[in-house]
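Structure first, commentary second.
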Amino acid sequence: MNKKAMSSILGLCFIVLLAVTFIINIFTPDKGFSEEENRVLQEKPEFSLSNYMEGRYESKLETYVNDQFLLRNAFIKIKATADVTAGKLESNGVYRCKDNYLMEELTVPSDKLLENTLSSLKQFKRQYKKLDAFFLLAPNAGNILEEKLPNFTRLNDQDQSMDKFFKEIKRYGYTPIDVRDTFAKHTEDTQIYYRTDHHWTTDGAYLAYKQAVKKMKLTDEVTYKPYVVKNDFRGTLASKSGFVNGVNDAIKIYMPYKDKDYNNSVIYYADTKTKTTEFYQLDNLDTKDAYTVFGGSNHPMYTIKTPTKSSKRLLLVKDSYANSFIPFLAQSYREIVVVDPRYFFDNIDDIIKAEEITEVMFLYNANTFFNDNSLEMMLSS
């Protein structure tokens, strides 16, 4: 067979492969969530003239194609394995750091995203002037544990974005809860972040809670005792990067030490129509994402009712960082309505009125917050 014929056959095979892949992609159901990356995947965007003219449709369509590509996770793992084999210190945006830490790049928001989010928060506070509003924006590990990064590695300046954000929302009437100084003071005596996962640990969440108590003027009468419930946790950063970390993480839960000061809560998950009195779902410790021990998977909306002396009712708008924080917060409110804008598509105004909300708290980690427009979409709808 001559070279020309061989080239024609290879070209034809390549075209057929692309066509088959395209057809399979069309008929393969879209995935909503990536466990490896611990993020919501882009759904197929709806076309509208305004979105097209602003460039949003094309951007979302490109992200959709990348997120839903056939065997996407397999290709990610192949790349990660190649990076590890080559001895690289970075793989899929995750750095192999000192003391067995894995850390991801710090996200810097686009000017447009930050402007839109701030605008929606400003409008929300104008609409609900009587609501006390708090915003806890948590730094990520690469910010607080910068000294553990590989030599000569510099991440994006998260502090600059956080400083700007806190300054703006304070002008609108929000009370910022900035835990950076507190975290920096406790890096030697507390493991604030997991080594293999992007979340803060329960110890880190408790440090943040103690600071929130002061800012939000909460009652803080319960004494907690931490218990290790898992010693071999390997989180999303280990999965995403492919790095084999020598030290597994421990997961702790905090239980009330003095029962007389503790009120049991009733938690109702609207999406699954289930009711429980347990904040910790211990069965999930044996699953791939053991962090879901804190309340299970991400729910669009759920309520927590606690027979406290307080009559205050809180709307908590959050990402997954709040999951290990909420059990501490529950003791200060008669009711907490928890909303995750990434999955919530109803009207937030209806909830505020129906549940007679008296306070609102936003709780995010900076990487998620600066890379997501779901909060702006929820507040603007």
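Remarks
- Taking the Cα centre of segment 250-290 as origin and assigning +1 to Lys and Arg Cβ atoms and -1 to Asp and Glu Cβ atoms, the resulting dipole is close to 120 debye.
- Projecting the Cα atoms of Gln331, Thr287, Tyr321 onto the dipole axis of segment 182-341, where Lys and Arg carry +1 and Asp and Glu carry -1 at the beta carbon, places Gln331 farthest toward the positive end.
- Dividing the radius of gyration of the alpha carbons in segment 93-134 by their Kirkwood radius gives 1.30 for Rg/Rh.
- These residues, Thr201, Thr187, go from largest to smallest accessible area, 1.4 Å probe, as Thr187, Thr201.
- Remark on Phe362: its backbone amide H falls under 5 Å from those of Phe134, Phe135, Leu136, Val317, a criterion applied only to residues 5 or more positions apart or on other chains, H modelled at 1.01 Å from N.
- Between amide H atoms placed 1.01 Å from N, distances below 5 Å from Met255 occur with Lys225, Tyr227, all of them 5 or more places distant or on a separate chain.
- When the GluC sites (Glu not before Pro) in segment 153-229 are filtered for DSSP coil states and for at most 15 other beta-carbon atoms within 10 Å of their beta-carbon, the remaining sites are Glu188, Glu221.
- About its Cα centre, the dipole of segment 93-243 is roughly 640 debye, where the only charges are +1 on Lys and Arg Cβ and -1 on Asp and Glu Cβ.
- Distance from segment 181-238 to segment 271-318 (C-alpha centre basis), Å: 17
- Taking θ as phi - 60° and the Karplus parameters 6.51, -1.76 and 1.60, the scalar couplings of segment 331-339 work out to 6, 9, 9, 5, 8, 10, 9, 9, 10 Hz in sequence order, x denoting glycine and proline.
- Extreme residue, positive dipole direction of segment 165-253, given options Tyr194, Ser239, Ala212 (C-beta unit charges): Ala212
- Environment charge at Leu218 (Cβ cut-off 11 Å; Lys +1, Arg +1, Asp -1, Glu -1): +2
- Residue pairs exceeding 19 angstrom between C-alpha atoms, taken from Lys260/Lys309; Lys185/Lys252; Lys225/Lys273; Lys185/Lys230; Lys148/Lys210: Lys185/Lys252; Lys225/Lys273; Lys185/Lys230; Lys148/Lys210.
- Across the protein chains, with a 1.4 Å probe defining accessible surface, the residues Cys13, Cys97 rank Cys13, Cys97 from largest area downward.
- Intensity falloff of segment 95-168 expressed as log10 I(q)/I(0), Debye formula with alpha-carbon point scatterers, at q = 0.15, 0.22, 0.23 Å⁻¹: -0.63, -0.99, -1.04
- Convex hull of segment 176-267 built on C-alpha atoms - directionally averaged projected area, nm²: 8.0
- R0 of 56 Å, Cβ-Cβ distance Glu188-Glu355: FRET efficiency to nearest 0.05: 0.85
- ³J(HN,Hα) computed for each position of segment 175-182 - Karplus, 6.51 cos²θ - 1.76 cosθ + 1.60, integer Hz, glycine/proline x: 9, x, 10, 9, 9, 4, 5, 4
- Net charge dipole size for segment 221-266 [Lys, Arg +1 and Asp, Glu -1 on Cβ; Debye, nearest 20]: 120
- Fully extending the segment from Lys275 to Thr308, taken as 0.36 nm per residue of separation minus the present Cα-Cα distance, adds 10.0 nm.
- Summary of the geometry: segment 320-352 and segment 95-158, compared by the centres of their Cα atoms, lie 20 Å apart.
- Computed over segment 236-339, the range of Cα coordinates on each principal axis works out to 49, 32, 21 Å, biggest value leading.
- By accessible area with a 1.4 Å probe, ligands and nucleic acids excluded, highest first: order of Glu335, Glu376, Glu147: Glu147, Glu376, Glu335
The values are calculated or read from the model by the stated rules, or taken from the named source; none is laboratory data. Keep in mind that this is a model prediction, so the values were computed, not measured. Cβ atoms come from the backbone with ideal geometry, glycine included; neighbour counts cover every protein chain shown. Remember, those area values only see protein heavy atoms, side chains included, never the ligands or the DNA or RNA. Shrake-Rupley method; radii C 1.70, N 1.55, O 1.52, S 1.80 Å.
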